[in-house]
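Presented below is the structure to which this report refers.
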Ligand code: ARG
């Protein structure tokens, strides 16, 4: 059914057509100047230029040809040829009644559903997740919810970093610590121990230690590179050890993502592409796409015809025989296209990897790996500290995702205490609420910025219960829930939605009519901030309405029940958008 502006656009476009003009000029938008009308159409100006007529005459003709005049309380011309439209209160209420009867709240599903693979999260084995992974996870999860809601078949993949040099480093570090383990004995015939030789804490401690040593010591670095090659070539002891590293990391990651409320359909890693890599490289060599350069194999990506700017070659195989990040990305894409059947792949990854994705995408086009599948790098900016530099811990280290969420939850718990929220609830429920609200604070703050902008991580601001914050919006939902509950306790139920009787009520209804626009914009731009914007405006409109219209003490019963219906519909909208944002609403607060 669409939004108010979408429905009005259909009507006005028809009117343009009836006047012999291109219907594309019939686009209706929410008015910039509400005193002149609720909606406006500015298409008469460009249409008149093409038709070589006066814009005012064209606008007048369009107005005269407008059907469904009964919908409008006012249709007028302004300025050089703007058309202003105002709905009757009855038409507005009828629209909302229609919305209420639609389980999708007026948001139409995609015309052509696609199989969309979304690659996000992207944590690395043995490295704790940091704020960059947080952004990828939050934005990626919102996009998977949005695309699913739009009717696409979404397949999400965590694409674990498990095949690069860091794996060779860890193997060397393990050997340094425990040379006695059978994984390093080339003559060992197995079976290898089933128990992992490390915990997640060991791993997180091993990686920075060995990585620092490799930076300083060429011999160590060479050993790590050699171990990486041996691992990739299948040395049994290394594979067995590596599998332990992966399993231990994955267990921790599943727990972390679980706490974040983020899910994946596939938990594959870079290594998963291994089995296709040899054949892929053979093909690229045979077809002349791969070239030899200083002992390595590369895919030259020079500016071919219409290819755009020159790019450095994609490194396929290093001179020591190891494959790289780009190689696994190319082979993984081949599988996504051929076996998963993806028609579109979204990579939700830090803006700083833009060049990498330009290279992978161009190589994939050039070599036919991508086929007809659309490839998009959904880039995002950095999370900064108060000093404007990438966010760090107080001691200058990388802020781990788990710690960061812990901080948010603690801060929220303090605020709840101060504000007297959730008082008298059990300790367990209070903790659950603080967790949900802490996550909402972090997620909403992230999503409400356009993904490409950098933002400053300011927990104090994010966790406030007023203003444009996650907690404020959850609170708005909880308050409406509680009004509806109170009504129910008194035996009241939502009734027929009537034409608005007050300005704040009309404004709320008009705002609700914009939901499909917000969902559409978020989808089109792969930008969740449009949802956040709508949600915030909606809850503001709700507050003004609720201040003016005292639902439960309203003496006119039909009016009261209509307001209850409006409250219920508003709640459904808030719940839907919060759900799309990946934010849970507590039962009560
Ligand atoms: N593991 C990578 C990182 O931490 C992100 C992976 C992104 N996805 C991809 N297909 N390259 O930077």
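The values are calculated or read from the model by the stated rules, or taken from the named source; none is laboratory data. Remember, it's a predicted structure, so these values are computed and weren't measured experimentally. Backbone-built Cβ (ideal geometry, glycine too); neighbour counts: all protein chains shown.
Cβ separations smaller than 7 Å between residues 6+ apart or across chains give no pair from region 156-177 residues that are touching a residue at least 12 places away in the same chain (Cβ under 8 Å) and farther than 30 Å from residue 346 by Cα to residues that are near the ligand (Cβ under 9 Å from one of its atoms) and assigned to a helix (DSSP H, G or I).
Among the residues of region 121-134, just one is modelled with pLDDT of 95 or more, at positive phi and buried (at least 24 other Cβ atoms within 10 Å of the Cβ), namely 121. Of 333, 346, all but one fail to be touching a residue at least 60 places away in the same chain (Cβ under 8 Å) and either within 11 Å of the ligand (Cβ to nearest atom) or part of a loop (DSSP other than H, G, I, E, B) (or both); the exception is 346. A count restricted to region 316-330 and to residues that are within 14 Å of residue 163 (Cβ to Cβ), out of contact with any helix residue (DSSP H, G or I) (no Cβ under 6 Å at 6 or more places or on another chain), away from the ligand (no atom under 14 Å from the Cβ) and part of a loop (DSSP other than H, G, I, E, B) stands at 1.
Is it the case, given these coordinates, that residue 383 is surrounded by 17 or more Cβ atoms within 10 Å (Cβ to Cβ), modelled with pLDDT of 95 or more, within 25 Å of residue 446 (Cβ to Cβ) and within 16 Å of the ligand (Cβ to nearest atom)? So residue 383 does not fit the description; no. The conditions of being more than 16 Å from the ligand (Cβ to nearest atom), free of Cβ contacts under 8 Å to residues at least 60 places away in the same chain and surrounded by fewer than 16 Cβ atoms within 10 Å (Cβ to Cβ) are met by residue 371.
Of the set (1) out of contact with any helix residue (DSSP H, G or I) (no Cβ under 6 Å at 6 or more places or on another chain); (2) more than 19 Å from residue 30 (Cα to Cα), all apply to residue 58 but (1). So, residue 118, is that one surrounded by 23 or more Cβ atoms within 10 Å (Cβ to Cβ), within 16 Å of the ligand (Cβ to nearest atom), under 20 Å from the mean Cα position of the chain (by Cα) and over 30 Å from residue 205 (Cα atoms) or not? Spelling it out, residue 118 is indeed surrounded by 23 or more Cβ atoms within 10 Å (Cβ to Cβ), within 16 Å of the ligand (Cβ to nearest atom), under 20 Å from the mean Cα position of the chain (by Cα) and over 30 Å from residue 205 (Cα atoms).
Taken across region 59-78, residues that are within 17 Å of residue 507 (Cα to Cα) and surrounded by fewer than 17 Cβ atoms within 10 Å (Cβ to Cβ) do occur, with at least one present. The residues listed here are 283, 254, 259; of these, the one that is assigned to a helix (DSSP H, G or I) and closer than 29 Å to residue 183 by Cα is 254.
With respect to the conditions (1) buried (at least 21 other Cβ atoms within 10 Å of the Cβ); (2) farther than 22 Å from residue 392 by Cβ, residue 137 falls short on a single one, namely (2).
Every residue, every condition in (1) free of Cβ contacts under 8 Å to residues at least 60 places away in the same chain; (2) not in a helix (DSSP H, G or I), yes or no:
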| position | (1), (2) |
| --- | --- |
| 523 | no, no |
| 537 | yes, no |
| 540 | yes, no |
| 550 | yes, yes |
| 562 | no, no |
| 566 | no, no |
| 585 | no, yes |
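The residues listed here are 187, 164; of these, the one that is farther than 17 Å from residue 251 by Cα, at pLDDT below 95 and away from the ligand (no atom under 16 Å from the Cβ) is 187.
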